[in-house]
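Below: the structure, in structure tokens.
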Amino acid sequence: MKRILFLLLLLSLFCALYCVSAAADSSGSLTGTISWTLTDNGGLTLTGTGATPDYELWGDGKSPFSWDGTIKSITVGEGITHLGGRIFHSCEGVTSITLPNSLQSIGDRAFYNNGITSVSIPGGVTAIGESAFCYCEGLKEVYVWNSSTAVGEFAFDHCASNLTLYGWENSTAQTWAQTAGISFQSMGSPTGPCGVNLTYTFDLATYTLTISGTGPMESFKNVGFVPWYYFKEHIRAVVIGQGVTTISQYAFQNALMTSITIPDSMTFIGYNAFYYSIFLTGIVLPENVARVEDRAFIGCLKMTSAAFLNPDTSIGMENFTSCTQLTIKGWEGSTAENHAEDMGIPFEPLVPKSTLILPAGLTTIEENAFSGVKAGAVLIPASVTTIVGDPFEGSGVVYIYGTPNTAASLFAIQTGRIFVALGE
């Protein structure tokens, strides 16, 4: 019995000396420029700029977070460039980690023996230290976004038996995985062709996919043939450049972007093109879009607005099914209004009924042309390239509806009126 009591006393003394954790405080500083806060529910956030220190396993040089079982999630703020060795050693309760684009390196054993199941290493990281994620026994997925990141010895040893490393074709991550005997899944390339005259580029800092060139997108046989298939869940925005004419079937199926920019040159949206893009909040379909195929927007659960600028766009079956927050916007009497009525979806006119609508194809508006017309708003088509003076002086026009970056938007700025982009 005395021996047991002695051992318990020794264990208590050990914890008093070495197991003091960040849980004792709710905030503190690591350096003069980096501070941290810990919430009651175990959310640890690091904010500031620069590099954190490298730490020892025991003693005075020990990290304030190592061995702390109360930490459940870690968010490293933008501006921090290095996570020091052993900084989160044996934080076994941690199940999620968010790393910033500013991060450049991860120290030896930084996340040794954590409880995470997946981690995304940002594109700015050029070095992952030895044993950085060793003994993260639940770790199943690692995304390495930089094609030349140096991966240290044993960096992902003793993780889940089904661990998969995701990275670019012919990357250092691929070489490391093959050497270490770990499963590797190629994400293809961050840039490449997606049509005869089209290319795509994935920005590793902003997670924006940009498609540029002229003509139609390649016709994909199924979702697995889409070039960005293996990183679609990491896309946050899509920008399609002027000149691109189609979005092919399956192109953004299950992609997780929140926004997309579609050019005036667009004419066609394919089958299942945005199938269950659940974080897409809105879309504006330009006036040249003639056809939206069946199920193109099915399951876009957070979409609140879909604007059709062409009054005659042909809209296929089952579009917008399960889009319970949606309002369709379009011209009165348009196919968009008819589709909204058939599907039981709220409809909203693109412009108020009292709006003065100028005809498509108009190129010039002369000074004082509408000075005697009383209207609170006017729609100026994108075809207008010249506006002389103030054609609406004395008319009461306050709102200018039109297309961004045209004569209409410039005129609104110059005359102090409010510009409203169609569909927004």
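Of the residues L309, L358, L38, which exhibits the maximal mean-square fluctuation in a Gaussian network model of the chain defined by a 10 Å Cα contact cut-off?
Fluctuation is largest for L358.
Post the alpha-carbon centroid distance, the range 49-76 to the range 77-147, in whole angstrom.
Here the two parts' Cα centres lie 12 Å apart.
Name the residue, out of T385, T313, T258, whose mean-square fluctuation peaks in a Gaussian network model built on the chain with Cα pairs under 10 Å.
T385
To the nearest 20 Debye, how big is the dipole of the range 345-424 about its Cα centre, given +1 on the beta carbon of each Lys and Arg and -1 on that of each Asp and Glu?
For the range 345-424, the charge dipole is close to 160 debye.
Taking the Cα centre of the chain as the origin, how large is its charge dipole in debye, to the nearest 20, when only Lys and Arg (+1) and Asp and Glu (-1) carry charge on their Cβ atoms?
About 720 debye.
Going toward the positive end of the dipole of the chain, with +1 on Lys and Arg Cβ and -1 on Asp and Glu Cβ, which of I71, S409, I315 do you reach last?
So the residue we want is I71.
Using Cα positions and a limit of under 30 Å, work out the lysines in reach of K62, with same-chain residues fewer than 8 apart set aside.
Straight-distance partners of K62: K72, K140.
If you plug each phi of the range 283-298 into the Karplus form 6.51 cos²θ - 1.76 cosθ + 1.60 with θ = phi - 60°, what whole-Hz ³J(HN,Hα) values come out, in order, with x for Gly and Pro?
Calculated HN-Hα couplings, in order: 8, 10, 9, x, 5, 8, 6, 8, 8, 10, 5, 3, 6, 4, 10, 5 Hz.
Please give the net charge around P311, taking every other residue with its beta carbon less than 15 angstrom from that of P311, where Lys and Arg add +1 and Asp and Glu add -1.
-4
Would you indicate which of (i) 5, 21, 27, 21, 13, 9, 4, 1, 0; (ii) 4, 18, 24, 24, 17, 9, 4, 1, 0; (iii) 4, 18, 21, 19, 16, 12, 6, 2, 1, 0, 0 is the value of P(r) over Cα pairs in 10 Å bins from 0, in percent derived from the coordinates of this structure?
Checking each listed value against the structure points to (iii).
Check every DSSP H run in the chain and write down those whose alpha carbon atoms cover 18 angstrom or more along the long axis and whose mean Kyte-Doolittle hydropathy is 1.6 or greater.
Both cut-offs are met by 2-18.
Rounded to the nearest 5, what is the percent of antiparallel bridges among the DSSP beta bridges in the chain?
Of all bridge pairs located within the chain, approximately 20 percent are antiparallel.
May I ask you to derive the relative contact order of the chain, considering only C-alpha pairs under 8 Å and at least 6 residues apart, and to give it as an integer percent?
6
Compute the distance from the alpha-carbon center of the range 199-252 to that of the range 335-354, in whole Å.
Their Cα centres are 29 Å away from one another.
What percent antiparallel are the DSSP beta bridges of the range 191-349, to the nearest 5?
Looking only at bridges with both residues in the range 191-349, the antiparallel portion is about 30 percent.
Which one of S73, S171, S26 has the biggest mean-square fluctuation once the chain is modelled by GNM with Cα springs under 10 Å?
S26
Counting other beta carbons within 10 Å of each residue's own, what order do T149, T95, T179 fall into, fewest first?
T179, T95, T149
Near K374, which lysines are there with a Cα under 27 Å away, not counting those fewer than 8 places off in the same chain?
List returned: K329, K353.
Which value in deg cm²/dmol, rounded to the nearest 500, describes the helix-derived mean residue ellipticity at 222 nm for the chain, given -39,500 (n - 2.57) per DSSP H run of n ≥ 4 and division by the residue count?
-3000 deg cm²/dmol
Every number in this text was worked out from the coordinates using simple rules, so none of it is lab data. Just so it is clear, the model here is predicted, and its values are computed rather than measured. Quick reminder, even Gly has a Cβ in these numbers, built from the backbone with ideal geometry, and neighbours come from all protein chains shown.
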